[in-house]
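One structure is given below, encoded as structure tokens.
Quick note: the coordinates plus some simple rules give every number you see, no bench work behind them. Note that the structure is predicted; figures quoted are calculated from it, not measured. Cβ placement follows ideal geometry from the backbone for every residue including glycine, while neighbour counts extend to all protein chains displayed.
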Amino acid sequence: MHTADAYKKKIYVFRGGDGRDYLNDLHELNTEAMVWTKVEAKGFMPPPRANHSSSIIKQNLFIFGGWDGAKRLNDLFVIDLDQKLWS
């Protein structure tokens with residue numbers, strides 16, 4: 001229920017759920033140090049969801065659609081990974 005995308009020697013995982021709840025947290029794996037970090041970003045982040053899709057274009061990670069437990073979502077969010085800013 002998550003997605004994973006690579007950018008600048010890091011892998012970004014947007015979690016969809018933990019088996020009980022729908023989530024919207026973003027984590028990064030530094031592939032050189034092999035260290036996980038929760039991304040702390042400003043701006044308007046997506047509400048919790050699962051079964052979404054994601055893609056990276058330049059420094060932007062796009063999160064599209066998914067399921068929030070009650071309805072299908074048809075929305076788009078983007079985080080600038082260099083500035084750590086959701087929009």
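With K and R counted +1 and D and E -1, the other residues having a Cβ less than 14 Å from that of residue 30 yield a net charge of +2. Pairs of Lys residues in the chain, spaced 8 or more positions apart or belonging to different chains, with C-alpha separations under 19 angstrom: 12 in total. Taking the inverse of the mean reciprocal distance over all distinct Cα pairs, the Kirkwood hydrodynamic radius of the chain comes to 13.0 Å. Loop-located GluC sites (Glu not before Pro) across segment 8-79 with a Cβ neighbour count of 12 or fewer within 10 Å are 32, 40, with loop assigned by DSSP.
Mind checking segment 18-58 for trypsin sites (Lys or Arg not before Pro) that DSSP puts in a loop (not H, G, I, E or B) and that have at most 10 other Cβ atoms within 10 Å?
Numbers: sites: 20, 38, 42, 49, 58; in loops: 20, 58.
Sparse-neighbourhood loop trypsin sites (Lys or Arg not before Pro): 20, 58.
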